[in-house]
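Below you'll find the structure, written out as structure tokens, and then a few comments.
Nothing in this text is a laboratory measurement; each read-out follows from the coordinates by a stated rule. Just so we're clear, the structure is a prediction, and the values are computed from it rather than from any experiment. Heads up, the Cβs are rebuilt from the backbone with ideal geometry, glycines too, and the neighbour counts pull from every protein chain shown.
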Amino acid sequence: MNRFLNGWFRKKQQDGMTTRTAASESSRDGNDLSPTDIPRHVAIIMDGNGRWAKARGLPRIAGHHNGMKTVKRITQAADRLGVRYLTLYAFSTENWKRPKAEVEFLMKLPQEFLSLELDELMRNNVRVRMMGVRELLPDFTLAAVEEAVRKTENNTGLVLNFALNYGSRMEMVESARQLARRAASGEIDPNDISEADFSAGLLSCELPDPDLLIRTSGELRLSNFMLWQLAYSEFWFTDVYWPEFSEAHFHEAIREYQRRARRYGGL
Ligand code: V0D
């Protein structure tokens, strides 16, 4: 793992000094991507961890654990490309219905991830944040995440936003309630409520809307993820399971995003 981290660092320092000629190499490392049209905000539904494990005769938790390595890989890839916001759907409000042992395992992952990666995230100026309902999350999970949020709050690089105990309909109902309370108290006129007012009541209020949504593992649904915020986003789906999702796959998604943007611009 150390070798990989050093590799990331070395590459960062060399950026702009390398000259690449081979087309295959250039397409793999993203040098064929247009640096002027990198999506500002990429959101990802990290699906297929359980299926990846099942296909290998491993327990589902082995899939979740390997999925965590992909989180690291794709955070690095996004950072290198200059993506400003990366939102990852780590745990939905519906995920509590899974077997108790699986939920217990999942709740240990933020702590494990951060104990391995927080130093590196700091060195790379990454800001960690969380989008979700704090209630119901175990104390040790919340403590680990909040420590990372606090330690990185002044970082100015990539914003790594974890959707944790997040549900989109719930957040929209909450925003509606907030506006209804303000209207009932006479603070605002219901007729003056704008889209911006509604957005301001969502858990994503500090982030721009995603430019690109990626979902892995072949499902073509939103599964209650950022329904309002994804109104104008480009969607990109792949059959690849999340534990096998690579930097090259990520570049493929962004290449397609840029192709669509060029076509749209040509109209
Ligand atoms: C399992 C694939 C990182 C999706 C990725 C509690 C399912 C690995 C985090 C994480 C999970 C969350 C917050 C944070 C730092 C790291 C994570 C969960 C699941 C759910 F501040 N991976 N990861 N959280 N998986």
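Points worth noting:
- Options Arg73, Arg123, Arg98, Arg134: the member that is surrounded by fewer than 19 Cβ atoms within 10 Å (Cβ to Cβ) and in contact with a Ser or Thr (Cβ under 8 Å, 6 or more places away or on another chain): Arg73
- Leading residue by the ranking (farthest from Ala163 (Cα to Cα)) among those in segment 79-100 that are within 14 Å of the ligand (Cβ to nearest atom), part of a helix (DSSP H, G or I) and touching a helix residue (DSSP H, G or I) at 6+ places or on another chain (Cβ under 9 Å): Trp96
- Test result for Glu120, assigned to a helix (DSSP H, G or I), within 29 Å of Asn31 (Cα to Cα) and more than 10 Å from the ligand (Cβ to nearest atom): yes
- Applying the criterion of being among the β-branched types (Val, Ile, Thr) and part of a loop (DSSP other than H, G, I, E, B) to the residues of segment 123-138, the residue that is farthest from the ligand (Cβ to nearest atom) is Val133.
- Close pairs from segment 221-237: first closer than 13 Å to His41 by Cα, partner among the polar types (S, T, N, Q), Cβ under 7 Å, at least 6 apart: Met226/Ser168; Met226/Ser204; Gln229/Ser204
- Residue satisfying all of: in segment 237-256; more than 10 Å from Arg215 (Cα to Cα) and not in a helix (DSSP H, G or I); nearest to the ligand (Cβ to nearest atom) among these: Phe245
- Of all residues in segment 161-178, one or more are within 13 Å of the ligand (Cβ to nearest atom) and aliphatic (A, V, I, L, M).
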